[in-house]
Amino acid sequence: MTKTVLFSAPAASWESYAPFLKNLFDKVGLNINLVQDTNNPLNVDYIIYAPNGPVQDFAPYKNVKLIQSLWAGVETALQNKTLTQPLARMVDPGMSAGMADYVLGHVMRHHLGMALHGSVQPGEWRNDTAAPLACNRTVGFLGIGALGMYCAHAVAKQGFNVLGWSRNLKSDDVVKCYAGADGFAQVLGQSDILVLLMPDTPETLNLINADTIAQMKDGAAIINPGRGPLIDDAALLVALDSDKLSGATLDVFRIEPLPADDPYWTHPKVLVTPHIASETRLETSAAVVVENIGRGETGKPFLHLVDRSAGY
Ligand code: GLV
C-alpha cells in the first residue's frame with residue numbers, strides 16, 4: 001500500500017530533497033507518495049519537518065506515525081502545542097562531521113591565541129605567546145550527545161585532554177565523562193576551552209551565568225555552537241570585560257539574526273559567526289529520514305525519538 005509523506009520544510013529544500021528522497025525510497029522498496037502539500041491531512045502517514053516549513057498546525061494530521069525533524073534542535077517543535085505526534089530529532093552524520101570541523105577550528109583558534117595576533121599593531125612583536133602543547137590544554141564539552149561526542153573525539157584526536165558532561169553518565173575510551181552537579185563543577189573548573197553543545201530546554205536556560213563563570217578557570221574561552229539561551233549574555237560580557245574569560249566564539253543567539261547593535265558584534269574578544277557552525281546535509285540526512293520511515297513500516301522502533309519531558 002502506498003504511504004503518504006508530507007515534506008514540510010522551506011520550498012528551496014524541497015527542490016534538493018525531493019528527487020533524492022524519491023530515489024532512496026525506491027531503492028529500499030518503500031512505496032511512498034512524497035508530497036509538498038495536501039488537501040487530505042488524514043491521509044498523511046509521515047511528516048518531514050522543519051520549524052520554518054509551511055505546516056504550523058499539526059492537529060489535522062491525526063494518522064501521522066512520525067514527524068521527522070530535519071533539525072537537530074527541537075525546541076521550536078516542542079513549543080508548538082498542536083504537535084503531539086511522535087517526534088524524531090535529526091541525528092545526521094554529515095551535520096556531526098561539519099560541526100567537528102567548526103569546533104576543532106575554533107578550539108585551535110583559541111588554543112593558538114589567533115585573536116591576539118589578528119589585533120596587534122604594526123611593529124608590535126609579541127613573541128612571548130607561543131601556545132602550550134595541545135596535550136597540556138583541556139577542552140570541556142557541556143553536552144556529549146551524538147553531536148558533542150563526535151566533536152569531542154575530533155578534538156581529542158588533535159591531542160587535547162578532553163572532558164565531557166552529560167545529564168546521564170556516559171563512558172568513553174577517550175573522553176573523560178562526568179555527570180551531575182559535582183561533575184559539572186569539575187568540567188567547569190578544569191577546562192581551558194569550554195564548548196557548549198547542549199539543547200535549549202528549561203533546564204539549560206542560562207547555564208553559563210555569573211555563578212558558573214565564577215567556577216571556570218581564569219582566562220578560559222567559550223565556544224557556543226549549541227543554542228543562544230545557554231548563555232546569560234550580560235554575565236558573559238562582564239566576564240570578558242574583566243578578563244575572567246579570554247574570549248568567546250558565538251554561533252547562536254537569543255535573537256537571530258543577531259541585531260546590528262548587539263555588543264557582541266564589536267567586542268574585541270568575541271567572534272560572531274551567523275549560525276553556520278554546521279547544518280543538516282542532504283545525502284546523510286535523507287538516509288536517516290528513509291531509515292526512520294522504513295522502521296515505521298516494518299514495525300521497528302523509531303530512532304532518535306524526542307523525550308518530551310527532557311525537552312530533546
Ligand atoms: C540547527 O541549528 C539545527 O538544530 O539543526
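A single member of VAL289, VAL252 is in contact with a Lys or Arg (Cβ under 6 Å, 6 or more places away or on another chain) and within 14 Å of the ligand (Cβ to nearest atom), and it is VAL252. Output yes when any residue across the range 120-139 is open to solvent by less than 10 Å² (accessible area, probe 1.4 Å) and outside any loop (DSSP other than H, G, I, E, B), and no when none is. Looking for residues that are open to solvent by less than 10 Å² (accessible area, probe 1.4 Å) and outside any loop (DSSP other than H, G, I, E, B), one finds at least one in the range 120-139, hence yes.
Number of residues in the range 230-255 that are in contact (Cβ under 8 Å) with a residue 24 or more places away in the chain and open to solvent by 10 Å² or more (accessible area, probe 1.4 Å): the value is 11.
Conditions tested, residue by residue: (1) in contact with a Pro (Cβ under 6 Å, 6 or more places away or on another chain); (2) surrounded by fewer than 19 Cβ atoms within 10 Å (Cβ to Cβ); (3) farther than 18 Å from ALA18 by Cβ; (4) not assigned by TED's automatic domain parsing to the domain that holds ALA248.
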residue	(1), (2), (3), (4)
ILE47	no, no, no, yes
GLN56	no, yes, yes, yes
TYR61	yes, no, yes, yes
LYS65	no, yes, yes, yes
LYS81	no, yes, yes, yes
ALA100	no, no, yes, no
MET108	no, yes, yes, no
LEU112	no, yes, yes, no
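Residues in the range 76-95 that are out of contact with any strand residue (DSSP E or B) (no Cβ under 8 Å at 6 or more places or on another chain), more than 9 Å from the ligand (Cβ to nearest atom) and assigned to a loop (DSSP other than H, G, I, E, B): ASN80, LYS81, THR82, THR84, VAL91. Could you list all residues from the range 194-216 that are within 17 Å of VAL155 (Cβ to Cβ) and either open to solvent by 10 Å² or more (accessible area, probe 1.4 Å) or in a helix (DSSP H, G or I) (or both)? Answer for the range 194-216, where residues must be within 17 Å of VAL155 (Cβ to Cβ) and either open to solvent by 10 Å² or more (accessible area, probe 1.4 Å) or in a helix (DSSP H, G or I) (or both): LEU197, MET198.
Scanning the range 258-282 for residues that are open to solvent by 30 Å² or more (accessible area, probe 1.4 Å), without any contact (Cβ under 8 Å) to a residue 60 or more places away in the chain and away from the ligand (no atom under 14 Å from the Cβ) returns PRO259, ALA260, ASP261, ASP262, PRO263, TRP265, THR266.
I'm checking my understanding of the structure. Among residues of the range 217-229 that are part of a strand (DSSP E or B) and without any contact (Cβ under 8 Å) to a residue 60 or more places away in the chain, which one is nearest to ALA72 (Cα to Cα)? Lay out the reasoning, then the answer.
Let us first name the residues in the range 217-229 that are part of a strand (DSSP E or B), namely 220-224.
Adding the requirement that they be without any contact (Cβ under 8 Å) to a residue 60 or more places away in the chain leaves 220, 222, 224.
Numbers: ALA220: 27, ILE222: 21, ASN224: 15 Å.
Step by step, filter the range 217-229, then rank; the result is ASN224.
Just give me the residues in the range 283-297 being more than 14 Å from ILE47 (Cβ to Cβ), buried (at least 21 other Cβ atoms within 10 Å of the Cβ) and of a type in the set (A, V, I, L, M, F, W, C), in sequence order.
Residues satisfying the conditions are ALA286, VAL288, VAL290.
The values are calculated or read from the model by the stated rules, or taken from the named source; none is laboratory data. Nothing here was measured: the structure is a model prediction, and the numbers come from that model. Note that we place each Cβ from the backbone using ideal geometry, even for glycine, and neighbour counts take in every protein chain shown. Quick note on the areas: whole protein, heavy atoms, side chains included, nothing else; ligands and nucleic acids left out. Shrake-Rupley method; radii C 1.70, N 1.55, O 1.52, S 1.80 Å.
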